[in-house]
Amino acid sequence: MDLPDLPEAEHQNVRFADGFVLDCGTTLPELTVAYRTYGTLDAARANAVLVCHALTGDQYVAEPSPVTGKEGWWTQVVGPGRPVDTDRYFVICANVLGGCMGSTGPRSLRPDGSRWGTDFPPVTIRDMVRAQKRLVEHLGIERLFAVIGGSMGGMQVLEWASTYPDALFAAVPIAAASHHSAQNIAFHEVGRQAIFADPEYHGGRYHEHGTIPARGLAVARMAAHITYLSEEALARKFGRRLQNGGLSIFGDMFQVESYLRHQGSTFVRRFDANSYLTITRAMDYFDLAADHGDDLAAAFAGTRARFCVVSFSSDWLFPTRESRALVRALNRAAANVSFVEIPTDKGHDAFLLDEPDFHRTLAGFLAGCAERAGIGR
Amino acid sequence: MNEISRPTPEPIKFVAKNMRLDLRLIAEMIEPGSRVLDIGSGDGSLIETLFRTKGCDARGIEIDMAEVTRSVAHGLPVMHGDADHDLAEYPDGAFDFVVLSRTLQAVERPREVLRQMLRIGTRAIVSFPNFGHWLVRWQLLSTGRMPMTSVWSRAWYETPNIHPCTIRDFMALCEQDGYVIELWLAVDEAGQRSPWRRSPGLANVFGEQALFRLRKA
């Protein structure tokens with residue numbers, strides 16, 4: 001499958017040319033953080049909300065992506081009158097370090113003009129958070145009102161709360177966990193191996209060959225996409241319904257196959273394979289307790305942030321029990337915690353979808369925090 | 001996961017006219033600016049009152065997820081959990097007051113719950129329906145069947161109130177476990193404090209609900 005490389009688009013960004021030290025010990029000579037903002041920063045610079053995106057998300061939270069033309073990935077949650085109300089809060093979202101929407105990553109050029117490609121050093125969730133911190137400081141914000149994110153975004157929220165406890169008032173980790181489970185790593189590894197197995201991958205130097213490992217990346221996306229849904233949701237949406245009648249081997253037989261293939265083929269038009277490898281590694285590596293002597297509570301010791309932990313009942317990728325373990329650790333740290341499990345059959349992806357209970361919870365939690373923080377009076 | 005998918009027992013709910021009084025009496029026992037944990041926070045009205053009128057850092061634990069969602073959506077810090085399973089995680093002395101209203105009779109291990117309350121909090125405030133009330137005694141004596149009153153209104157085979165106790169039972173447990181009763185009162189059906197409130201024996205016959213404030217000796 002020959003596809004052109006990702007469309008080039010101009011992304012709003014800030015460049016830090018003073019070097020950026022990564023957890024792995026490597027120093028990136030320069031760091032670019034691509035980002036978008038919505039709403040207005042108030043005079044006290046106190047109403048800033050950082051939204052952290054998930055594995056394949058980007059900074060275009062509440063507006064169409066210049067790459068795909070599709071509407072923002074969280075328009076139901078972020079916008080005027082939405083739970084994260086841009087009439088009230090100044091919302092920031094940055095493309096993660098290692099991503100492919102304008103922030104420094106494997107697709108970026110090195111100072112000598114060559115692409116990083118597979119030479120791009122491994123990054124961690126904490127590296128991503130440190131890069132966001134640079135952006136937030138650049139925007140003149142000392143303390144964020146809230147940091148919010150789902151899935152890998154939720155991991156970043158936890159890392160924010162742990163690494164910069166005084167730089168946020170509230171933390172909202174959604175459908176997340178303090179570490180990636182063995183099962184989650186296993187699914188990621190299937191995806192990575194699919195990419196490696198694609199002849200067009202060329203050991204990661206596909207750019208030099210004018211190609212992309214579209215098949216491998218599509219299979220990776222298909223495998224991952226299954227983990228974002230629940231069995232109930234798949235049964236409800238597709239069941240065993242056939243695509244075009246009869247038995248076939250090479251075409252799509254069942255509707256669910258067609259759906260997954262569509263997910264795979266659209267994904268490769270907007271995402272870089274090396275970025276996918278880099279970011280899945282960062283997620284797999286994440287283990288907040290391990291960074292604190294295997295004591296998750298120690299990661300939050302003395303925190304004064306207000307937490308709202310949200311899980312979804314049918315999410316088996318980041319199940320409620322992981323959120324509950326997180327809540328218990330926060331309790332051990334005597335943190336102020338709200339915790340809800342939203343009943344839904346939509347699986348992990350529920351955080352991106354129309355879930356009125358979730359949206360009410362988020363809006364109310366933020367409003368309660370804003371009242372206590374004295375914002376928007 | 002298992003413990004949340006368990007069918008959630010419904011503890012006794014007092015009638016509305018008494019509920020407000022019950023919460024008001026509890027709020028009166030709590031000093032302004034305190035750190036408070038309300039176990040079984042229901043619709044969150046106690047923690048909201050404590051935050052708004054007394055400047056308390058009040059948080060809730062509630063077993064009914066719909067109530068949790070409503071509370072958080074109302075801006076109140078409430079987490080899903082229950083008295084039997086979620087208190088052990090808190091550090092010693094994390095709160096000035098830990099409140100358990102109308103729930104003690106429905107928990108799995110009331111003695112352990114009390115112990116945890118007084119470990120994580122300097123003071124515990126506990127209210128429960130008094131099984132020693134004269135009507136309960138009379139029904140058991142006269143009919144030989146488990147009492148069914150406005151408070152004890154569920155049949156024995158389906159009641160979530162698995163650990164009923166009397167005011168005297170509770171006082172005995174406090175003495176046994178070395179808890180100091182700082183304040184106590186019993187109220188009758190109409191929610192009035194009554195002249196017999198200084199006499200445990202009379203309160204145990206005529207008090208429909210009991211309210212205690214405890215600390216460790």
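No lab work stands behind these numbers, since they all come straight from the coordinates. These figures come from a predicted structure and were not determined experimentally. Positions of Cβ are generated from backbone atoms using ideal geometry, with glycine treated the same way; all protein chains shown enter the neighbour counts.
Between helix B:167-176 and chain B there is an angle of about 60 degrees, using the helix long axis and the longest principal axis of the Cα atoms. A DSSP coil position with no more than 14 other Cβ atoms inside 10 Å describes the following chymotrypsin sites (Phe, Trp or Tyr not before Pro) in the range B:82-162: B:Trp156, B:Tyr157. Helix-only arithmetic for chain A: the sum of -39500 (n - 2.57) across DSSP H runs with n ≥ 4, divided by the residue total, places the mean residue ellipticity at 222 nm at -10500 deg cm²/dmol. The distance from the alpha carbon centre of the range A:89-161 to that of the range B:127-187 is 59 Å, rounded to a whole number. When the range B:116-185 is described by a simple charge dipole with +1 on each Lys and Arg Cβ and -1 on each Asp and Glu Cβ, the residue from B:Val126, B:Leu173, B:Thr143 located farthest towards its positive end is B:Thr143.
Where does the range A:184-281 land on Rg(C-alpha)/(2.2 N^0.38 Å)?
Working: Rg = 14.7 Å, N = 98, 2.2 N^0.38 = 12.6 Å.
Output field value: 1.17.
By the scheme Lys and Arg +1, Asp and Glu -1, what is the net charge of all other residues having a beta-carbon under 14 Å from that of B:Tyr179? Around B:Tyr179, the surrounding residues sum to +2.
The calculated pair-distance distribution of the range A:1-100 uses every alpha carbon pair, bins of 5 angstrom beginning at 0, and gives 3, 12, 18, 20, 18, 14, 10, 4, 1, 0, 0 percent. A compact globular protein would have a Cα radius of gyration near 2.2 N^0.38 Å; the ratio found for the protein assembly as shown is 1.12. Computed over the Cα atoms of the range B:22-169, the ratio of the radius of gyration to the Kirkwood radius (Rg/Rh) comes to 1.01. Each of A:Gly57, A:Met101, A:Pro7 was placed along the dipole of the protein assembly as shown (beta-carbon charges, centred on the mean Cα), and the one lying farthest toward the positive end is A:Gly57.
By the scheme Lys and Arg +1, Asp and Glu -1, what is the net charge of all other residues having a beta-carbon under 9 Å from that of A:Ala175?
Numbers: positive: none; negative: A:Asp315, A:Asp349.
With Lys, Arg at +1 and Asp, Glu at -1, the net is -2.
Rounded to the nearest 5, what % of the DSSP beta bridges within the protein assembly as shown are antiparallel ones? So the antiparallel bridges in the protein assembly as shown amount to around 40 percent.
Can you tell me the relative contact order of the range A:276-377? Whole percent, Cα pairs under 8 Å, sequence separation 6 or more. Write down the numbers at each step before the final one.
Values: 109 pairs, mean separation 25.3, N = 102.
After rounding, I find 25 percent.
Among the chymotrypsin sites (Phe, Trp or Tyr not before Pro) within the range A:223-307, which fall in a DSSP loop and have no more than 14 other Cβ atoms within 10 Å of their own Cβ? Can you show the working numbers first?
Working: sites: A:Tyr228, A:Phe238, A:Phe250, A:Phe254, A:Tyr259, A:Phe267, A:Phe271, A:Tyr276, A:Tyr285, A:Phe286, A:Phe300, A:Phe307; in loops: A:Phe238, A:Phe250, A:Phe271, A:Phe286, A:Phe300.
Passing sites in the range A:223-307 are A:Phe250.
For the range A:277-345, a Kirkwood radius taken over Cα pairs fed into Stokes-Einstein (37 °C, viscosity 0.692 mPa s) yields D = 250 µm²/s. Placing +1 on each Lys and Arg Cβ and -1 on each Asp and Glu Cβ, with no other charges, gives the protein assembly as shown a dipole about its Cα centre of roughly 1460 debye.
Which one of A:Trp316, A:Thr344, A:Ala329 has its Cα pushed farthest toward the positive end of the charge dipole of the range A:302-353, where Lys and Arg give +1 and Asp and Glu give -1 at the Cβ? Looking along the dipole axis, the top candidate is A:Ala329.
Here the range A:133-256 is treated with +1 on each Lys and Arg Cβ and -1 on each Asp and Glu Cβ, and its dipole about the Cα centre works out to around 340 debye. With contributions of -39500 (n - 2.57) from each DSSP H run of at least four residues, the per-residue ellipticity at 222 nm computed over chain B stands at -10000 deg cm²/dmol.
Summing Lys, Arg as +1 and Asp, Glu as -1, what charge do residues with Cβ under 11 Å from the Cβ of B:Met65 carry, B:Met65 excluded? Spelling it out: positives minus negatives among the neighbours equals -4.
Sparse packing (at most 11 other Cβ atoms within 10 Å of the Cβ) combined with a DSSP loop state is found for the following trypsin sites (Lys or Arg not before Pro) in the range A:26-113: A:Lys70. Can you tell me the 0 to 90 degree angle between the C-alpha axis of helix B:16-28 and the longest principal axis of chain B, rounded to 10? It is inclined by approximately 60 degrees.
Place a +1 charge on the Cβ of each Lys and Arg in chain B and a -1 charge on the Cβ of each Asp and Glu, then give the dipole magnitude about the Cα centre in debye, rounded to the nearest 20.
Here chain B has a charge dipole of around 680 debye.
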